[in-house]
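S.K.: Structure provided below as structure tokens; questions to follow.
The values are calculated or read from the model by the stated rules, or taken from the named source; none is laboratory data. Worth saying up front: this structure is predicted, and the values here are computed from it rather than measured. Note that each Cβ is placed from the backbone with ideal geometry, even for glycine, and that neighbours are counted across all protein chains shown. Ligands, DNA and RNA are stripped out before the accessible areas are found, and what is left, the full protein with its side chains, is counted by its heavy atoms. Shrake-Rupley method; radii C 1.70, N 1.55, O 1.52, S 1.80 Å.
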Amino acid sequence: MSKLYPVSAEFAAQANIKAADYASLYDESVTDPDEFWGRIGKRLEWSKPYTQVQDTSFDASDLHINWYADGELNVATNCLDRHLEKHGDKIAIIWEGDDPNESRRISYRELHAEVCKCANMLKNLGVQKGDRITIYLPMIPEAAVAMLACARIGAVHSIVFGGFSPDSLAGRIVDCTSKLIITADEGLRGGKKVPLKINVDEALQRPGTNTVETVIVVRRTGSPVAMQAPRDRWYHSLMAAQSTECPPEPMNAEDPLFILYTSGSTGKPKGVLHTTGGYLVYASYTHECVFDLQENDVYWCTADVGWVTGHSYMVYGPLANGATSLMFEGVPNYPDVSRFWQVVDKHQVTLFYTAPTAIRALMRDGEAPVKKTKRTSLRLLGTVGEPINPEAWEWYHRVVGDERCPIVDTWWQTETGGILITPLAGAIAQKPGSATKPFFGIKPAIVDVNGTQLEGAAEGNLVITDSWPGQMRTVYGDHQRFIDTYFKTYPGTYFTGDGARRDEDGYYWITGRVDDVINVSGHRLGTAEVESALVAHPKVAEAAVVGCPHDIKGQGIYAYVTLKTGIEPTEELRKELRDWVRKEIGPIATPDYLQWAPGLPKTRSGKIMRRILRKIAENQPDQLGDISTLADPGVVASLVDERMIR
Ligand code: 6R9
């Protein structure tokens with residue numbers, strides 16, 4: 001029996017959604033979605049009101065997903081202009097620099113002016129509605145300004161996480177034929193500089209990137225960077241000349257808002273495409289309900305803007321709600337491991353949203369660095385990105401939240417646009433490690449391998465049986481891949497790629513990915529991506545990559561490498577290969593373990609048996625199952641003998 005943390009009466013008394021509301025609203029949302037989402041959609045300002053709400057089908061032969069399809073609106077207007085009259089002086093973004101002595105407070109009025117200037121700058125550089133703009137920026141306010149400026153003129157942004165390598169950046173530029181890049185001279189994280197402009201220069205030497213006409217460079221650190229005329233332009237000099245007025249482009253609800261690349265089980269990362277109306281309705285409504293947002297909250301999501309959490313819950317959801325959103329440039333352990341909590345005290349943060357991996361890393365340093373701060377402003381805590389182990393949940397609750405703050409463990413994906421399974425702190429009792437119950441309008445189901453939906457307490461694969469407004473609409477440039485990836489495995493449903501268990505109380509427990517995606521510190525990586533980086537090395541013949549248990553990261557990367565004939569496996573080569581992957585993809589993809597494999601376990605048809613490799617990496621050599629179908633069962637014994645985790 002898992003422990004139950006009941007809803008606190010004090011919290012419930014002030015909460016936006018109370019227990020009785022949850023039951024009745026959930027019921028309405030799934031029985032009459034048109035009525036429900038028709039009403040909720042009105043939270044936004046529409047330049048042309050919609051008359052239709054849901055028009056969707058998950059049938060692969062007739063797949064379509066449209067929400068509010070005849071409505072028109074602009075995302076930037078909704079995030080900025082409409083707050084100006086009453087809340088113009090309210091702080092939209094609190095920016096906390098990597099250096100604890102650096103911070104900025106930007107009001108809605110100021111942000112609006114910057115966004116208009118940036119939008120005019122883009123227009124003057126020839127950017128038009130529908131053009132793709134790559135944003136490769138550190139965590140500075142200009143990232144939010146650039147996103148909203150794109151939204152204002154109808155350009156589609158594709159943000160690439162600043163930790164990705166030139167090759168990864170190039171791949172994403174080529175895939176969406178980007179016209180312009182917004183970057184910075186350098187990023188600054190934990191006192192270390194990240195060479196963003198140098199990476200862009202390198203990326204733009206790769207074949208296929210010549211669609212890029214302009215590179216706009218924000219000056220962050222001031223270090224000298226090479227500027228190549230006429231391609232490269234300084235942000236500050238262009239911005240100085242722009243007007244603070246820019247009429248918003250009226251967008252259809254189903255016009256694209258952004259592309260965000262994410263890893264899948266096969267091939268290269270896919271461009272998840274989100275559209276305008278449904279996405280913003282869903283991001284803003286979930287943000288208000290899940291975080292119990294109230295007028296004077298100071299809300300802090302620690303995610304980088306390069307991930308979907310940064311899109312939906314640092315920028316779009318909070319700003320659409322007129323909230324104060326904190327953006328942090330740094331890392332949890334710089335200058336020391338109290339940093340998160342010092343920032344909480346400094347800015348009087350009330351709502352705090354982070355990843356289990358950060359909590360586990362901070363747990364390692366004990367309670368003292370937390371306890372020396374006050375944290376009395378906090379009233380709700382959240383987690384996202386990976387399953388949270390009950391020990392970390394309890395620590396977060398007891399040590400960080402002083403047993404006062406409810407925890408919302410929010411399950412969702414880049415593809416879902418917003419949170420799908422989560423407690424609502426005023427309505428749903430929490431169980432450490434469970435994402436608990438579906439949000440309004442979400443119909444999860446658990447299926448067995450044959451696709452049969454299981455009733456009651458059950459464990460299997462997690463699917464969603466009906467659409468919701470925030471859902472992705474396509475894989476950019478490859479609609480067939482969208483259909484094949486998500487709607488063919490269990491026909492008529494959206495397949496999440498996650499496994500889950502539903503307990504006797506109807507609570508959902510996400511057990512992790514069931515496909516070849518590994519979740520490293522809450523970041524998704526396809527094993528195929530790491531494998532193709534490894535085999536691109538001239539000394540590697542073959543590679544297989546699986547996830548392995550990791551105390552801090554949740555999952556680590558475990559690589560099996562077969563070298564070309566005649567190449568000696570040495571410690572230097574092991575390091576060289578790890579560095580190679582780091583350079584090819586980015587630091588987050590660096591293998592934690594790299595085992596030499598004289599051979600890999602394969603079926604007679606040549607398929608690598610990952611199940612066996614996973615068990616070896618998990619140090620469970622007695623659970624390999626049937627290996628008799630292998631072409632050469634002999635390879636297994638030596639891999640077991642040489643395994644790196646014991
Ligand atoms: C928002 C985000 C999605 C994958 C998802 C799942 C894992 C996210 C989780 C969780 C258990 C949670 N995941 N939140 N697992 N509990 N609360 O993280 O998007 O980067 O696309 O990752 O992350 O495996 O399928 P994304």
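S.K.: Being in contact with a strand residue (DSSP E or B) (Cβ under 7 Å, 6 or more places away or on another chain) and either under 22 Å from residue 347 (Cα atoms) or touching a residue at least 24 places away in the same chain (Cβ under 8 Å) (or both) narrows it down to one of 25, 84, 111, 80, so name that one.
M.R.: Result: 111 is the single residue among 25, 84, 111, 80 that is in contact with a strand residue (DSSP E or B) (Cβ under 7 Å, 6 or more places away or on another chain) and either under 22 Å from residue 347 (Cα atoms) or touching a residue at least 24 places away in the same chain (Cβ under 8 Å) (or both).
S.K.: Another question, then. Looking at 221, 183 in this structure, which one is in contact with a strand residue (DSSP E or B) (Cβ under 7 Å, 6 or more places away or on another chain), of a type in the set (Ser, Thr, Tyr), at pLDDT 95 or above and open to solvent by less than 10 Å² (accessible area, probe 1.4 Å)?
M.R.: 183
S.K.: Quick one: what pairs do we get from the stretch 516-527, first residue touching a residue at least 12 places away in the same chain (Cβ under 8 Å) and under 17 Å from residue 305 (Cα atoms), second within 11 Å of the ligand (Cβ to nearest atom) and of a type in the set (Lys, Arg), C-beta under 9 Å, 6+ apart or different chains?
M.R.: 524/513
S.K.: Okay, moving on. Out of 501, 481, which single residue is surrounded by fewer than 17 Cβ atoms within 10 Å (Cβ to Cβ), more than 18 Å from the chain's Cα centre (by Cα) and either of a type in the set (Ser, Thr, Tyr) or outside any loop (DSSP other than H, G, I, E, B) (or both)?
M.R.: After ruling out the rest, the residue left standing is 501.
S.K.: Separate question: Looking only at the stretch 372-430, count every residue that is assigned to a loop (DSSP other than H, G, I, E, B), of a type outside the set (D, E, K, R) and either touching a strand residue (DSSP E or B) at 6+ places or on another chain (Cβ under 9 Å) or closer than 18 Å to residue 285 by Cβ (or both) and tell me the total.
M.R.: 23
S.K.: Go through the stretch 348-369 and give me each residue that's away from the ligand (no atom under 16 Å from the Cβ) and either part of a loop (DSSP other than H, G, I, E, B) or open to solvent by 10 Å² or more (accessible area, probe 1.4 Å) (or both).
M.R.: Matches in the stretch 348-369: 348, 349, 350, 361, 362, 363, 364, 365, 366, 367, 368, 369.
S.K.: All but one of (1) within 16 Å of the ligand (Cβ to nearest atom); (2) open to solvent by less than 10 Å² (accessible area, probe 1.4 Å); (3) closer than 26 Å to residue 472 by Cβ hold for residue 303; which doesn't?
M.R.: The failed condition is (2).
S.K.: Let me ask something else. Scan the stretch 421-432 and give yes if some residue there is surrounded by fewer than 23 Cβ atoms within 10 Å (Cβ to Cβ), away from the ligand (no atom under 12 Å from the Cβ) and more than 20 Å from residue 292 (Cα to Cα), otherwise no.
M.R.: No, the stretch 421-432 has no match at all.
S.K.: Would you mind stating whether residue 414 is crowded, with 23+ Cβ neighbours inside 10 Å and within 14 Å of the ligand (Cβ to nearest atom)?
M.R.: no
S.K.: Hey, can you tell me all the residues within the stretch 231-253 that are open to solvent by 10 Å² or more (accessible area, probe 1.4 Å), in contact with a strand residue (DSSP E or B) (Cβ under 8 Å, 6 or more places away or on another chain) and not in a strand (DSSP E or B)?
M.R.: Once the filter is applied, which keeps residues that are open to solvent by 10 Å² or more (accessible area, probe 1.4 Å), in contact with a strand residue (DSSP E or B) (Cβ under 8 Å, 6 or more places away or on another chain) and not in a strand (DSSP E or B), the stretch 231-253 yields 231, 235, 236, 238, 250.
S.K.: I need a count of the residues in the stretch 482-500 that are of a type outside the set (Phe, Trp, Tyr) and under 16 Å from residue 524 (Cβ atoms).
M.R.: Number satisfying all stated conditions: 5.
S.K.: Return the only residue of 364, 339 being modelled with pLDDT under 95 and not β-branched (Val, Ile, Thr).
M.R.: 364
S.K.: Still on this model: Quick check: is even one residue across the stretch 472-493 among the aliphatic types (A, V, I, L, M), over 25 Å from residue 437 (Cα atoms) and within 16 Å of the ligand (Cβ to nearest atom)?
M.R.: Within the stretch 472-493, one or more residues are among the aliphatic types (A, V, I, L, M), over 25 Å from residue 437 (Cα atoms) and within 16 Å of the ligand (Cβ to nearest atom).
S.K.: Now a separate question. For the list (1) touching a Leu at 6+ places or on another chain (Cβ under 7 Å); (2) closer than 24 Å to residue 385 by Cα, I need the number of the one condition that residue 541 fails.
M.R.: Failed condition: (2).
S.K.: For the stretch 204-237, how many residues are under 20 Å from residue 122 (Cβ atoms) and among the small types (Gly, Ala, Ser)?
M.R.: Total satisfying the criteria: 2.
S.K.: Report, by residue number, each residue of the stretch 154-166 that is open to solvent by 10 Å² or more (accessible area, probe 1.4 Å) and either aromatic (Phe, Trp, Tyr) or under 19 Å from residue 126 (Cα atoms) (or both).
M.R.: 161, 164
S.K.: Out of 99, 89, 81, 55, which single residue is open to solvent by 30 Å² or more (accessible area, probe 1.4 Å), at pLDDT 95 or above, assigned to a strand (DSSP E or B) and not aliphatic (A, V, I, L, M)?
M.R.: 55
S.K.: Let me ask you something else. Test residue 264 against the criterion of being within 16 Å of the ligand (Cβ to nearest atom), open to solvent by less than 50 Å² (accessible area, probe 1.4 Å), out of contact with any Asp or Glu (no Cβ under 7 Å at 6 or more places or on another chain) and over 30 Å from residue 299 (Cα atoms), and give yes or no.
M.R.: yes
S.K.: When residues of the stretch 513-532 are filtered for being open to solvent by 10 Å² or more (accessible area, probe 1.4 Å) and within 10 Å of the ligand (Cβ to nearest atom), how many remain?
M.R.: Count: 7.
S.K.: Which of (1) open to solvent by 30 Å² or more (accessible area, probe 1.4 Å); (2) under 22 Å from residue 573 (Cα atoms); (3) of a type in the set (S, T, N, Q) does residue 489 not meet, given it meets every other one?
M.R.: Checking residue 489 against (1) open to solvent by 30 Å² or more (accessible area, probe 1.4 Å); (2) under 22 Å from residue 573 (Cα atoms); (3) of a type in the set (S, T, N, Q), the one that fails is (2).
S.K.: Filter the stretch 167-180 down to residues that are open to solvent by 10 Å² or more (accessible area, probe 1.4 Å) and in a helix (DSSP H, G or I), then give me how many there are.
M.R.: Total satisfying the criteria: 6.
S.K.: Another question, then. What number of residues within the stretch 1-32 are in a loop (DSSP other than H, G, I, E, B) and closer than 7 Å to residue 426 by Cα?
M.R.: Of the residues in the stretch 1-32, 4 are in a loop (DSSP other than H, G, I, E, B) and closer than 7 Å to residue 426 by Cα.
S.K.: Further, regarding this structure: With the requirement that a residue be modelled with pLDDT of 95 or more and either under 16 Å from residue 167 (Cα atoms) or of a type in the set (Gly, Ala, Ser) (or both), what does the stretch 254-268 give you?
M.R.: 261, 262
S.K.: Does residue 256 count as over 24 Å from residue 406 (Cα atoms) and open to solvent by 10 Å² or more (accessible area, probe 1.4 Å)?
M.R.: When the stated conditions are applied, residue 256 passes them.
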